[in-house]
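Okay, so here's the structure we're looking at.
The values are calculated or read from the model by the stated rules, or taken from the named source; none is laboratory data. Everything numeric here is computed off the predicted structure, so don't read it as measured data. Note: ideal-geometry Cβ built from the backbone for every residue, glycine included; neighbour counts use all protein chains shown. Protein only, heavy atoms only, side chains kept; ligands, DNA and RNA dropped before computing areas. Shrake-Rupley method; radii C 1.70, N 1.55, O 1.52, S 1.80 Å.
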Amino acid sequence: MTNNDKKLLPATGSDDVWLGPFGFTVDSDGFRELFHAENDRYMRVLGLIGTVCAGWVVPLAVVTFYIPFFTHDPSAHINRSDFWGVTGGFLIGLFFILLLVAPPLPLTTRRAQEAAFMKYHGGAAGASEVGVRVWLCRYGFEEVTASGVVVRLPYALMRRPVLSRRFLFMGVRSAGRDSALWNSVGVNWVFRPDWDGSGGFVPRSCLDGAGGARVVRRRVARVVRSGRWRYRRACVWAWLGRLRGAWADRGLALMGPELEWLEQGERLNREREQRGSEGSSRA
């Protein structure tokens, strides 16, 4: 459900609005789709690693089972331990192939994450849907949650945008969640950190007037890529700043516009909290 009425634009201080405002509602089905958009890439990387490492088991299992049928040697048979070993390897190989092609993500056990998602975007406790207003700005994605909180996400901290069936999704880069190798052999090998609901998303139906969702995705991908390299250079200069203080200032200057944009959002939230406390004191 969308509404592109310009009256939705609040005084957020965004002077560099690129697209928006877009007002829409995300329900449980929308959460499931966004959950897949946030997790599918990681699951496919796991599937690729598993297929490369264990994919040879599938053809081996087929060959092992068919050899007795094409030989006349009475000793060519499969005992029980070989049968279960080959069958287990075959099923593991198929599982990794399934992760690579169509990642299965059971959502019946994700009720807590759905509740956390609704809460993150300003929904009431136990809500099954939440309404938000979003913009695509010069420096990043901006959202005003259902509770009125301004959330800003710079392009420099985003992953490559993903197109799902109904949304353009822009996830937040996180070393602890994005790295399949780290989660396989590191401290998170048992439990990968849960998604907290962060990230930007816009319904594809809202982007038709901007040239289409694929056009917008390509434009966002370009600014995400350029912002990411600028952020990495800023991190290098900040690290070199331990040797010479002036070099740290170069890193801050590289990300100066984004930092100012984020500080502006925090200031708007502080002003909102102040107005709310003043209103409650008068009451």
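Sort His121, His36 from largest to smallest accessible area, using a 1.4 Å probe on the heavy atoms of the protein chains. Could the numbers behind the result be given before it?
Working: His121 0, His36 50 Å².
The ordering from most to least exposed comes out as His36, His121.
Contour minus end-to-end for Arg282 and Arg111, with contour as 0.36 nm per residue of separation and end-to-end as the Cα-Cα distance? Walk me through the intermediate numbers first.
Working: separation 171, 0.36 × 171 = 61.56 nm, distance 3.88 nm.
Here the answer is 57.7 nm.
Restricting everything to alpha-carbon atoms, can you work out Rg to Rh for the stretch 198-283 with a Kirkwood hydrodynamic radius? Display every interim value, and only then the final one.
Numbers: Rg = 19.3 Å, Rh = 16.4 Å.
Looking at the stretch 198-283, the ratio lands at 1.18.
Taking amide H positions as placed in the peptide plane 1.01 Å from N, state which residues far from Arg133 in sequence (5 or more) or on other chains have amide H under 5 Å from it.
Val144
Run the paramagnetic zone check for Arg219: 7 angstrom along Cα to Cβ, then residues of the stretch 112-154 with backbone nitrogen under 17 Å.
Output list for this probe position: 134-142.
Any idea how far apart Ile49 and Ser205 come out in nm if each label point goes 7 Å out from Cα toward Cβ?
Simple spin-label model gives 3.9 nm for this pair.
I need the phi-derived Karplus couplings for the stretch 146-155: 6.51 cos²θ - 1.76 cosθ + 1.60, θ = phi - 60°, integer Hz, Gly and Pro marked x.
4, 8, x, 7, 8, 10, 10, 10, x, 4
Can you tell me how much longer the chain between Trp229 and Ala124 gets when fully stretched, taken as 0.36 nm per residue apart minus their C-alpha distance, in nm with one decimal?
Working: separation 105, 0.36 × 105 = 37.80 nm, distance 3.82 nm.
Stretched fully, the Trp229-Ala124 segment lengthens by 34.0 nm.
Can you give me the distance in nm between label points at Trp18 and Val149, each placed 7 Å from the Cα along the Cα-to-Cβ direction?
Each label point is offset 7 Å from its Cα along the Cβ direction, giving 2.5 nm.
Using just the alpha carbons, could you tell me how many Å³ per residue the convex hull of the stretch 133-204 encloses?
Values: hull volume 8.2 nm³, N = 72.
Each residue corresponds to 113 Å³ of Cα convex hull volume.
How far is it, in nm, from the label point at Arg165 to the one at Arg272 when both lie 7 Å from their Cα along the line to the Cβ?
That separation, rounded to one decimal, is 3.1 nm.
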